[in-house]
1. What percent antiparallel are the DSSP beta bridges of the chain, to the nearest 5?
2. Run the reach check for residue 7 against lysines, Cα to Cα strictly under 23 Å, same-chain hits fewer than 8 apart removed. What comes back?
3. Using Cα centres only, tell me the gap between the range 21-47 and the range 57-111 in whole Å.
4. When the Kirkwood hydrodynamic radius is evaluated over all pairs of different C-alpha atoms of the chain, what value in angstrom, to one decimal, is obtained?
5. Could you work out what % of the accessible surface of the chain is carbon and sulfur, using a 1.4 angstrom probe and leaving DNA, RNA and ligands out of the count?
6. Cross-link candidates for residue 76: which lysines have Cα within less than 28 Å, leaving aside residues fewer than 8 places away along the same chain?
7. Using the heavy atoms of the protein chains and a 1.4 angstrom probe, tell me the accessible area per residue for the chain in square angstrom.
8. Would you kindly state the longest site-free stretch of the chain, with sites defined as trypsin sites (Lys or Arg not before Pro) in a DSSP loop (not H, G, I, E, B) surrounded by at most 14 other Cβ atoms within 10 Å?
Amino acid sequence: TQAAVDKSLLTLRGREIGTEAGRLGVIYSVKQAYYALLAAQNGLVLKKKILEKQGAVLKQIQATYDLKAASLADLKTAQLNARIAQVDVASAIHDLRFARITLATLMGRDPDLDFAVANVEPANVPVATLAEAVAAGLSRRAELKQLDLSLKSSGVDLALARGQGTPTVSVTGGVNLLMDLGTPLSPGNTVTIGVKVSMPILDAGSVDNQVKSILSQSHVYELQQAQLRRS
(Lines give C-alpha, C1' and ligand atoms only; values in the text may rest on other atoms or scores of the structure.)
Protein backbone atom coordinates (compact mmCIF):
# COMPACT_ATOMS: atom_id res chain seq x y z
CA THR A 1 0.00 0.00 0.00
CA GLN A 2 2.81 2.39 0.86
CA ALA A 3 4.48 1.60 -2.46
CA ALA A 4 1.26 2.43 -4.31
CA VAL A 5 1.02 5.75 -2.46
CA ASP A 6 4.67 6.60 -3.19
CA LYS A 7 4.32 5.80 -6.89
CA SER A 8 1.11 7.82 -7.10
CA LEU A 9 2.91 10.84 -5.63
CA LEU A 10 5.71 10.40 -8.17
CA THR A 11 3.14 10.20 -10.97
CA LEU A 12 1.51 13.39 -9.70
CA ARG A 13 4.88 15.13 -9.57
CA GLY A 14 5.60 13.99 -13.12
CA ARG A 15 2.35 15.51 -14.36
CA GLU A 16 3.11 18.73 -12.50
CA ILE A 17 6.51 18.89 -14.20
CA GLY A 18 4.88 18.29 -17.58
CA THR A 19 2.34 21.03 -16.96
CA GLU A 20 5.03 23.47 -15.82
CA ALA A 21 7.17 22.62 -18.85
CA GLY A 22 4.23 23.30 -21.14
CA ARG A 23 3.53 26.63 -19.44
CA LEU A 24 7.19 27.68 -19.71
CA GLY A 25 7.21 26.59 -23.34
CA VAL A 26 4.35 28.98 -24.09
CA ILE A 27 6.08 31.80 -22.20
CA TYR A 28 9.37 31.25 -24.01
CA SER A 29 7.60 31.11 -27.38
CA VAL A 30 5.94 34.47 -26.74
CA LYS A 31 9.20 36.00 -25.51
CA GLN A 32 11.08 34.70 -28.52
CA ALA A 33 8.42 36.05 -30.88
CA TYR A 34 8.50 39.42 -29.08
CA TYR A 35 12.26 39.78 -29.39
CA ALA A 36 12.13 38.59 -32.99
CA LEU A 37 9.65 41.37 -33.81
CA LEU A 38 11.75 43.91 -31.91
CA ALA A 39 14.85 42.83 -33.83
CA ALA A 40 12.93 43.04 -37.12
CA GLN A 41 11.78 46.57 -36.27
CA ASN A 42 15.32 47.71 -35.48
CA GLY A 43 16.64 45.90 -38.52
CA LEU A 44 14.23 47.70 -40.83
CA VAL A 45 15.23 51.08 -39.40
CA LEU A 46 18.90 50.25 -39.99
CA LYS A 47 18.28 49.01 -43.55
CA LYS A 48 16.37 52.20 -44.39
CA LYS A 49 19.27 54.31 -43.13
CA ILE A 50 21.67 52.30 -45.28
CA LEU A 51 19.37 52.76 -48.27
CA GLU A 52 19.31 56.53 -47.74
CA LYS A 53 23.10 56.59 -47.48
CA GLN A 54 23.56 54.51 -50.63
CA GLY A 55 21.06 56.73 -52.44
CA ALA A 56 23.05 59.82 -51.49
CA VAL A 57 26.29 58.16 -52.60
CA LEU A 58 24.68 57.22 -55.91
CA LYS A 59 23.59 60.82 -56.53
CA GLN A 60 27.10 62.01 -55.73
CA ILE A 61 28.71 59.47 -58.05
CA GLN A 62 26.19 60.26 -60.78
CA ALA A 63 27.01 63.95 -60.53
CA THR A 64 30.76 63.35 -60.68
CA TYR A 65 30.28 60.93 -63.56
CA ASP A 66 28.35 63.52 -65.49
CA LEU A 67 31.30 65.85 -64.94
CA LYS A 68 33.61 63.15 -66.30
CA ALA A 69 35.26 62.95 -62.85
CA ALA A 70 34.20 59.36 -62.12
CA SER A 71 34.51 56.18 -64.13
CA LEU A 72 31.67 54.04 -65.41
CA ALA A 73 32.80 51.32 -63.00
CA ASP A 74 32.31 53.68 -60.06
CA LEU A 75 28.82 54.53 -61.27
CA LYS A 76 27.85 50.87 -61.77
CA THR A 77 29.20 50.01 -58.31
CA ALA A 78 27.15 52.78 -56.71
CA GLN A 79 24.05 51.67 -58.61
CA LEU A 80 24.63 48.08 -57.50
CA ASN A 81 25.05 49.09 -53.85
CA ALA A 82 21.87 51.16 -54.01
CA ARG A 83 19.98 48.24 -55.54
CA ILE A 84 21.29 45.85 -52.88
CA ALA A 85 20.15 48.30 -50.20
CA GLN A 86 16.66 48.35 -51.77
CA VAL A 87 16.52 44.55 -51.73
CA ASP A 88 17.66 44.53 -48.10
CA VAL A 89 14.85 46.93 -47.16
CA ALA A 90 12.29 44.78 -48.94
CA SER A 91 13.63 41.70 -47.15
CA ALA A 92 13.51 43.52 -43.80
CA ILE A 93 9.87 44.53 -44.45
CA HIS A 94 9.05 40.88 -45.13
CA ASP A 95 10.82 39.76 -41.95
CA LEU A 96 8.95 42.39 -39.96
CA ARG A 97 5.59 41.29 -41.30
CA PHE A 98 6.35 37.62 -40.62
CA ALA A 99 7.50 38.38 -37.06
CA ARG A 100 4.38 40.47 -36.43
CA ILE A 101 2.11 37.67 -37.66
CA THR A 102 3.88 35.14 -35.42
CA LEU A 103 3.50 37.27 -32.29
CA ALA A 104 -0.09 38.22 -33.14
CA THR A 105 -1.00 34.55 -33.54
CA LEU A 106 0.48 33.68 -30.13
CA MET A 107 -1.40 36.62 -28.59
CA GLY A 108 -4.68 35.63 -30.21
CA ARG A 109 -4.84 38.88 -32.20
CA ASP A 110 -5.63 39.58 -35.84
CA PRO A 111 -2.54 38.55 -37.89
CA ASP A 112 -3.18 41.43 -40.30
CA LEU A 113 -3.11 43.99 -37.50
CA ASP A 114 -0.28 46.52 -37.86
CA PHE A 115 1.38 47.06 -34.48
CA ALA A 116 4.83 47.52 -32.97
CA VAL A 117 6.52 46.42 -29.76
CA ALA A 118 8.37 48.62 -27.31
CA ASN A 119 12.08 48.47 -26.63
CA VAL A 120 13.04 46.64 -23.45
CA GLU A 121 15.98 46.92 -21.14
CA PRO A 122 18.55 44.14 -21.49
CA ALA A 123 17.86 41.36 -19.01
CA ASN A 124 20.30 40.83 -16.17
CA VAL A 125 22.39 37.72 -16.71
CA PRO A 126 21.65 35.45 -13.73
CA VAL A 127 25.00 33.64 -13.95
CA ALA A 128 28.60 34.73 -14.28
CA THR A 129 30.30 31.70 -15.85
CA LEU A 130 29.60 29.11 -18.49
CA ALA A 131 29.54 26.32 -15.88
CA GLU A 132 26.88 28.16 -13.90
CA ALA A 133 24.85 28.70 -17.05
CA VAL A 134 24.98 24.99 -17.92
CA ALA A 135 24.02 24.01 -14.36
CA ALA A 136 21.11 26.46 -14.33
CA GLY A 137 19.89 25.21 -17.68
CA LEU A 138 20.07 21.55 -16.70
CA SER A 139 18.19 22.24 -13.46
CA ARG A 140 15.20 23.42 -15.52
CA ARG A 141 15.11 20.60 -18.06
CA ALA A 142 11.85 18.68 -17.69
CA GLU A 143 13.35 15.58 -19.32
CA LEU A 144 15.99 15.25 -16.61
CA LYS A 145 13.39 15.77 -13.90
CA GLN A 146 11.17 13.07 -15.42
CA LEU A 147 14.09 10.64 -15.57
CA ASP A 148 14.88 11.39 -11.93
CA LEU A 149 11.28 10.52 -11.03
CA SER A 150 11.58 7.32 -13.07
CA LEU A 151 14.65 6.38 -11.05
CA LYS A 152 12.78 7.02 -7.81
CA SER A 153 9.85 4.95 -9.06
CA SER A 154 12.24 2.11 -9.88
CA GLY A 155 13.59 2.41 -6.34
CA VAL A 156 10.08 1.84 -4.99
CA ASP A 157 9.62 -1.17 -7.27
CA LEU A 158 13.02 -2.51 -6.21
CA ALA A 159 12.19 -2.25 -2.51
CA LEU A 160 8.84 -3.94 -3.12
CA ALA A 161 10.43 -6.74 -5.13
CA ARG A 162 13.11 -7.36 -2.54
CA GLY A 163 10.46 -7.38 0.15
CA GLN A 164 8.75 -10.27 -1.62
CA GLY A 165 11.89 -12.33 -1.19
CA THR A 166 12.22 -11.86 2.57
CA PRO A 167 10.30 -13.56 5.38
CA THR A 168 7.28 -11.64 6.64
CA VAL A 169 5.61 -11.87 10.02
CA SER A 170 2.05 -10.74 10.66
CA VAL A 171 0.41 -10.66 14.08
CA THR A 172 -3.32 -10.66 14.73
CA GLY A 173 -5.13 -10.32 18.03
CA GLY A 174 -8.56 -9.72 19.55
CA VAL A 175 -10.58 -9.66 22.72
CA ASN A 176 -14.15 -11.02 23.04
CA LEU A 177 -16.26 -9.88 26.01
CA LEU A 178 -19.01 -12.32 27.11
CA MET A 179 -21.88 -11.07 29.27
CA ASP A 180 -25.00 -12.83 30.48
CA LEU A 181 -27.63 -10.20 31.16
CA GLY A 182 -29.84 -12.66 33.07
CA THR A 183 -27.37 -13.38 35.89
CA PRO A 184 -25.33 -11.15 38.14
CA LEU A 185 -22.18 -13.08 37.39
CA SER A 186 -19.02 -11.36 36.33
CA PRO A 187 -18.57 -11.11 32.60
CA GLY A 188 -16.06 -13.35 30.91
CA ASN A 189 -13.68 -12.53 28.16
CA THR A 190 -11.63 -14.36 25.57
CA VAL A 191 -8.30 -13.22 24.24
CA THR A 192 -7.01 -14.47 20.87
CA ILE A 193 -3.55 -13.94 19.44
CA GLY A 194 -2.32 -15.18 16.07
CA VAL A 195 1.08 -15.09 14.42
CA LYS A 196 1.65 -15.83 10.73
CA VAL A 197 5.11 -16.31 9.28
CA SER A 198 5.64 -16.36 5.50
CA MET A 199 8.85 -17.94 4.22
CA PRO A 200 9.26 -17.44 0.46
CA ILE A 201 11.92 -20.12 0.10
CA LEU A 202 10.84 -21.62 -3.21
CA ASP A 203 9.91 -18.98 -5.80
CA ALA A 204 11.67 -20.45 -8.85
CA GLY A 205 13.95 -17.40 -8.94
CA SER A 206 11.11 -15.03 -9.91
CA VAL A 207 11.98 -12.46 -7.24
CA ASP A 208 15.64 -12.47 -8.22
CA ASN A 209 14.76 -12.04 -11.89
CA GLN A 210 12.41 -9.20 -11.02
CA VAL A 211 15.13 -7.44 -9.02
CA LYS A 212 17.61 -7.82 -11.88
CA SER A 213 15.06 -6.45 -14.35
CA ILE A 214 14.41 -3.38 -12.21
CA LEU A 215 18.14 -2.76 -11.73
CA SER A 216 18.67 -3.04 -15.47
CA GLN A 217 15.90 -0.54 -16.15
CA SER A 218 17.38 1.85 -13.58
CA HIS A 219 20.71 1.59 -15.37
CA VAL A 220 18.98 2.54 -18.62
CA TYR A 221 17.51 5.63 -16.94
CA GLU A 222 20.96 6.59 -15.66
CA LEU A 223 22.45 6.25 -19.15
CA GLN A 224 19.67 8.40 -20.56
CA GLN A 225 20.36 11.02 -17.93
CA ALA A 226 24.04 11.08 -18.76
CA GLN A 227 23.33 11.30 -22.48
CA LEU A 228 20.88 14.17 -21.98
CA ARG A 229 23.37 16.09 -19.87
CA ARG A 230 26.06 15.69 -22.51
CA SER A 231 23.77 16.77 -25.34
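The values are calculated or read from the model by the stated rules, or taken from the named source; none is laboratory data. Quick caveat: nothing in here was measured; it's all calculated off a predicted structure. All Cβ positions, glycine included, derive from the backbone under ideal geometry; neighbour counts span all protein chains shown. To get the accessible areas, we keep the full protein, side chains included, count just its heavy atoms, and leave off ligands, DNA and RNA. Shrake-Rupley method; radii C 1.70, N 1.55, O 1.52, S 1.80 Å.
1. Percentage antiparallel, nearest 5: 100.
2. Cα-Cα hits under 23 Å: 145, 152, 212.
3. The distance from the Cα centre of the range 21-47 to that of the range 57-111 comes to 24 Å.
4. Values: mean 1/r = 0.0377 Å⁻¹.
Evaluated over the chain, this radius sits at 26.5 Å.
5. 60 percent
6. Cross-link targets: 47, 48, 49, 53, 59, 68.
7. 73 Å²
8. Values: sites that count: 68, 109, 140, 141.
No qualifying site falls inside 142-231, the longest such stretch.
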